[in-house]
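Structure first, commentary second.
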Amino acid sequence: MTSRRANVQLGAAAAVLAGAGVAAGYPELVLLGAASAVAAVAIRPAAPPPSPRPPRPGRDRARWQGLPRGADVVFRSLRYYQPGDRLSLIDWRATARRGGSPVVREFGDPREPDEALVPEGAGNPGPVARPATQVALIATALALTAVLYGGFFAGWGFLPRLAAVAAGACALATVVAWARLAPAAATLAGAIGLAVAAELAVLSGGLDPGAGWDALTGGWAAMLTVAAPAPDSPPMLMFPVIVTWVAGYASVAVALRARSVLGPAAIVTGAQVTGLAFAANQPATHLLQAGALAVLLLALTLIRAGRAARRGHHPLARALAPGIALVAAATAIGLLTAVASRPADAAQRFTPRQLLAAPLRLPSARSPLSSVRDQVRKPDPATLFTIAITGTTDPPPLIAAVALDSFDGTQWSSSDSYRVSGPVLAPGPPVAGGMPLTERVTVRALAGPYLPADGWPARIDAPLRPGILVGFDPGSGILVADAASLAGVRYTVTTTAPPAHAPLADAAAGSGPAVAPYLRLPGKPGWLTALARKMTRGQRSPDARLQAIQRSLRALPVTPDAAPGVSYGRLRQLLQPATAQEGAGYADQHAAAFTLLARAEGIPARVIMGYRLPSPSSVRGDTRTYPVTTADAYAWAQAYFPGHGWVDFDPTDTGNVASAAATAPGAPSVRPSAQPQPSPGHASTPAPVPTAPPTTVASPPSAPAPTAGHGPGPATAGLPAALAVAALAVLGVLAVAGPTAFIRRRRRRRRHQGSPAQRLAGAWGEMLDRLADTGVVTGGSQTVRELADQAASAVAARQAPGARLSRPERALERAEPYLTGLATAVAGAAFGDVDPGEEAARQAWEDERELTKALYRRWRAVHGARHWGIPVPRRRRR
Amino acid sequence: MPDTTFKAGFDQLASGIGQLIRGNGQVVRLALVCLFAEGHLLIEGPPGVAKTSLAKAIAQSVTGAGHKRIQFTPDLLPSDVTGSRVYRQGAEPEFEPGPVFTNILIADEINRASPRTQSALLEVMGERQVTVDGETRAVPAPFLCVATQNPADHRGTFPLPEAQIDRFMMKVTMTTPDRAAEMDVLTGALSRRALPGEIPPGRRLSLGQVQAMISAVRDVRVDDSVKGYLLDIVAATRTGPAGPGSRRGQRQPPEVVTGVSTRATLALALAAQAHAASAGRAYAAPDDVKAVAVPVLAHRLVLSEAAADRGVTAAAVIARLLDRLPVPSPEQAARATWQAGDTPAARVG
């Protein structure tokens, strides 16, 4: 595209890119878009270089130039020397002026301008500027897009593979372009190459068509539902490989076979956008990577626009010399725009994975907090699991299973969103003085879906039971398995355990949007804040205040038979008891009360349900094995301190046993029928949980809360994301429908409006558009008659022995009867005042239909897609 | 209104001359286009390529028209061209008309005369009149000057002054004919033993016919869009970063020092009309403008010395301009020409 059309397209693409970046929260896209916008303003495409003409030996100057004998030979232009040119044609004076590259003179016949149609379709791509540099730039840019997957995969082993895939795709596309394969053959070659690349890079030579096919079709979904970092296993790696291969192959093919200025860069940008959408779910932004990519793509565009200079020494420097300032300026402006717009917190930005529910099918667990008491009150404690801890003699005494962060006034639930996870888990918040532990867990009888772990898990290893997927929420550090019963499951988990006594004296409490869910207090009742203030009177630091609250709560009497419930009403009874019965509670209520009081003080906190570590059953070396039973079920609270992570607080003193009177079954707020009755299988059946206000028993919204993707966080973040998706979809529809509607409307107007002469000329214009679709360059300085003559010469060329016509020539040959028939009438109607009459106009439009049929003899429906807004070169000026 | 009779007459003349002048068929037709556009013709070429024969053939092919010939030599004087008062014994001084008082004037080897003598043609070529000793006399109509010259790089010649050059509507260049044509020439010469032959009487036109055809050329329609195209071309040759009348963003070709004159604009339009008529059309299309642009414009361009040193020719510059300038779109032209109904818009010019 050598007209301003390219600039307009680049500008539009830049606007869409930047808009999408702002809407979805990707400063990387804003950067690329802003840089492209600058380029759209600044890059002015140069005229295509003259096509070289093969020199021929002979004594006559005209014949050297391939002209008919007797032609008048005059100087036409200068061009650079190409191997094979006659040395005597070198213009030494011009050579000296241009700094040493040999320049030759071209001659031609002045009366017969032999400038021919320069078809710019696949058949005759014409000279491509600096093909090697372009291919190298594309390969480098694609390798750069692979960097995006760095936060997605555990480790960098994928990078050399993807870079090799990019190089392979570019190399194959270069060979295919060099061999001038037909488009169908080139596509086939690309597909075969992709299969080979996938075989080598993904399956590592192990030929397994079944696995390969699964990875091919399911890879993208697997990527979207897995939690980062993911293992670089075949299903995960297949999709990046496909994207890289297809982008590399298509980009180089377009670069070498078409004259589109923007095509190759646009394809690479597509790979970048895909990479961002699929892999950039980690909070880090990739401004540096996007900036480097912008530099490469702008350089590529500059070369393709023909704006690269030819002076200098190093080929790359020579190619880029005049554009370097532009590229630097565009990238700098893009970077500034991206940083300034900073559309959203990178962690909040939209990714397609928000739209795809994880394939984890978690059993809808009953409220985990109420299960604490059920388990403790079982008359015969059953062993739930054994845990063998290596790495310390003094492990943290509490093993977390579930983190509960949201409170609706009556119930605690978890808003965790679990993603399928590989063995390596996303790193949690940093913990000062954390120690690594290795825990081997063997489950005897444990209801799903939570997998207990002591400390923050960093890695979980099989052997799991086959068919069970492991899920992980990197926000809460909780592991799940999608099975209703975990009996028989074994796993080894590596964790980071906090030190026994964290130095919290001066630590500030966590703040910011990340911990906002842990500060939420529905209704924020006045008695609670007043009570919290009273408890923490005289204490300054967050830790001291929490210790004060903990002391107050540990003074309360404890019994598992106390009246249950964690609603505001029940907790108020607990904290401001009227009777001794009301003042008695258990760990679940203490943990809930502590968390609410901490939140009232502005300190992020959450409730943990888990198990206390019993005394070890065996000690072998530094490995201690603990059999955990139902009697060890427990609940406590955690508060968040930046730099120390989640710190345990145990607000229950189980030694402070309540008197028998406090456990009288006739407590007023407890319905007798709801008195928990230990029974086999009770733990796995959802049961209504008795709470103080009977109306709020097991309120529906919170009961199935700990399933994937139902938390309040994603739900509120999903709205702008959905809007962005909708806006993008509308843009996409407009991008296709707009040009299509325009083309249809123009055709209708041409066909039905105005006098017969105008409709006749309209038919001609429509014919030219059809021809332009096939790669014939029309318009510009070419007159009606010249086009008809060109078609006639294409017919003549066909009759020459051994003729091989290019695609535009074939199109012209087929169009010849219609063009020749109409040319005189069109010129007469346009430039004379010859009225062609109704019949001629009607006939012209019939000819136009016939022409379309003649142009597309096969695959007509496929070619029809070209009118669906796919930009095709048309009406270019030479 | 030119129609098939114009084309028939034109073709008749062209084939008659073509029998004498082998090869260079395109040049012959251009020369006739120039004749019917009533413009002066400059024929250029190396010696021995039938320049003078072409000039004579054109003159002969119009019966009833006077034609005279001046052989330009370095010692020729202006009065030898225009005529002068002659004193005869016992009589009043009497004006002896020079050879310019004729219909078709053949100025052979025009660049061998001094600029002083060449300038004698300025008035008659420009205004079709001669002023000698204060008396102005008109030359007969039509008046056409057909001049020949060798390219200026031969010794003993004077390049034509710009004012003179500009008065020629066209400059055509004759070249050595190709082998087949030269074989024809050879065969004909050997069989006839005379060189050149005569135009057969059946292939000639009368002076009246030619005059009717000349006036018919003026009736050829030039659409507004074609006029615009024509102005685009001349404007593109002109001086300055964006020369007067040129479109925004257009730059003058770097090789050009002086663009073409307004006389050139008129000549281009007239020549395009004649070319259209010669093709049997009643309207001029952009093709006609393209066909005559190089012979009409090239000789009027003044190229920079640097460009001339590089071997750039004015013809190449014009050809490049034609290649670059967009032609009027037939669709837009039709929309402008035809109003909503079926009637052509009011005709202008």
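Which is at the interface with chain A (Cβ under 8 Å from one of its Cβ atoms) and within 24 Å of A:Ala94 (Cβ to Cβ), of B:Ala315, B:Ala306, B:Ala285? Break it down into steps so the answer makes sense when it comes.
Values: B:Ala306 fails: at the interface with chain A (Cβ under 8 Å from one of its Cβ atoms); B:Ala285 fails: within 24 Å of A:Ala94 (Cβ to Cβ).
The conditions single out B:Ala315.
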Exercise for the section: Please determine, by comparing only the residues of the range B:25-47 that are touching a residue at least 60 places away in the same chain (Cβ under 8 Å) and surrounded by fewer than 18 Cβ atoms within 10 Å (Cβ to Cβ), which one is nearest to B:Val296 (Cα to Cα). Expected result: B:Pro46
Exercise for the section: Take A:Pro577 and decide whether it is in a loop (DSSP other than H, G, I, E, B) and either in contact (Cβ under 8 Å) with a residue 24 or more places away in the chain or touching an Asp or Glu at 6+ places or on another chain (Cβ under 7 Å) (or both). Expected result: no
Exercise for the section: Check the range A:427-450 and report whether any residue there is crowded, with 24+ Cβ neighbours inside 10 Å and closer than 30 Å to A:Pro522 by Cβ. Expected result: yes
Problem - Among the candidates A:Ala139, A:Ala191, A:Ala173, A:Ala227, residue that is out of contact with any helix residue (DSSP H, G or I) (no Cβ under 9 Å at 6 or more places or on another chain) and at pLDDT 85 or above - result: A:Ala191
Practice task
Only one of these is buried (at least 17 other Cβ atoms within 10 Å of the Cβ) and polar (S, T, N, Q): A:Gln581, A:Gln576. Name it.
Solution key: A:Gln581
Handout entry: Test: residue in the range B:320-334 that is touching a residue at least 60 places away in the same chain (Cβ under 8 Å), closer than 19 Å to B:Leu230 by Cβ, in contact with a Leu (Cβ under 9 Å, 6 or more places away or on another chain) and more than 8 Å from chain A (Cβ to nearest Cβ)
Key = yes
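Take the range B:111-122 and flag every residue that is in contact (Cβ under 8 Å) with a residue 40 or more places away in the chain, assigned to a helix (DSSP H, G or I) and farther than 12 Å from B:Ala147 by Cα. Write out each step before concluding.
Our first condition is that a residue be in contact (Cβ under 8 Å) with a residue 40 or more places away in the chain; within the range B:111-122, this holds for B:111-115, B:117-122.
Now restrict to residues that are assigned to a helix (DSSP H, G or I): B:111-112, B:115, B:117-118, B:121-122.
Residues satisfying the conditions are B:Pro115, B:Thr117, B:Leu122.
Is at least one residue of the range A:793-814 at the interface with chain B (Cβ under 10 Å from one of its Cβ atoms) and part of a helix (DSSP H, G or I)? So that I can check it myself, show each step before the final result.
Within the range A:793-814, the subset at the interface with chain B (Cβ under 10 Å from one of its Cβ atoms) is none.
No, that holds for no residue.
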Exercise for the section: Would you be able to say whether some residue in the range A:499-522 is at positive phi and touching a Gly at 6+ places or on another chain (Cβ under 9 Å)? Expected result: no
Exercise for the section: Among residues belonging to the range A:747-766 that are closer than 17 Å to A:Glu786 by Cα and buried (at least 24 other Cβ atoms within 10 Å of the Cβ), point out the one that is farthest from the other protein chains (Cβ to nearest Cβ). Expected result: A:Trp764
Exercise for the section: Please indicate, with yes or no, whether at least one residue in the range B:248-266 is in contact with a Lys or Arg (Cβ under 6 Å, 6 or more places away or on another chain), in a helix (DSSP H, G or I) and either at pLDDT 80 or above or of a type in the set (Asp, Glu) (or both). Expected result: yes
Completion exercise
Taking first residues from the range A:371-396 that are under 16 Å from A:Pro457 (Cβ atoms) and second residues anywhere that are in a loop (DSSP other than H, G, I, E, B) and of a type in the set (Lys, Arg), the pairs with Cβ under 7 Å that are 6 or more apart or on different chains are A:Phe385/A:Arg444
Practice task
Consider A:Val826 carefully, then state whether it is crowded, with 16+ Cβ neighbours inside 10 Å and either of a type in the set (Lys, Arg) or within 14 Å of chain B (Cβ to nearest Cβ) (or both).
Solution key: yes
Exercise for the section: Report the residue count in the range A:774-784 for those that are surrounded by fewer than 20 Cβ atoms within 10 Å (Cβ to Cβ) and either more than 13 Å from chain B (Cβ to nearest Cβ) or part of a helix (DSSP H, G or I) (or both). Expected result: 0
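Which one of B:Thr157, B:Thr176, B:Thr136 is under 30 Å from B:Val217 (Cα atoms) and of a type in the set (S, T, N, Q)?
Numbers: B:Thr157 fails: under 30 Å from B:Val217 (Cα atoms); B:Thr176 fails: under 30 Å from B:Val217 (Cα atoms).
Every option except B:Thr136 fails the conditions.
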Practice task
Go through the residues of the range A:233-251 one by one and say whether even a single one is at pLDDT 70 or above and not in a helix (DSSP H, G or I).
Solution key: yes
Practice task
Check the range B:81-90 and report whether any residue there is surrounded by fewer than 19 Cβ atoms within 10 Å (Cβ to Cβ) and either of a type in the set (D, E, K, R) or under 24 Å from B:Pro47 (Cα atoms) (or both).
Solution key: yes
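The values are calculated or read from the model by the stated rules, or taken from the named source; none is laboratory data. Bear in mind that the values here come from a model prediction, so they are computed numbers and not experimental data. In this analysis, Cβ positions are derived from the backbone assuming ideal geometry, glycine residues included, and neighbour counts consider all displayed protein chains.
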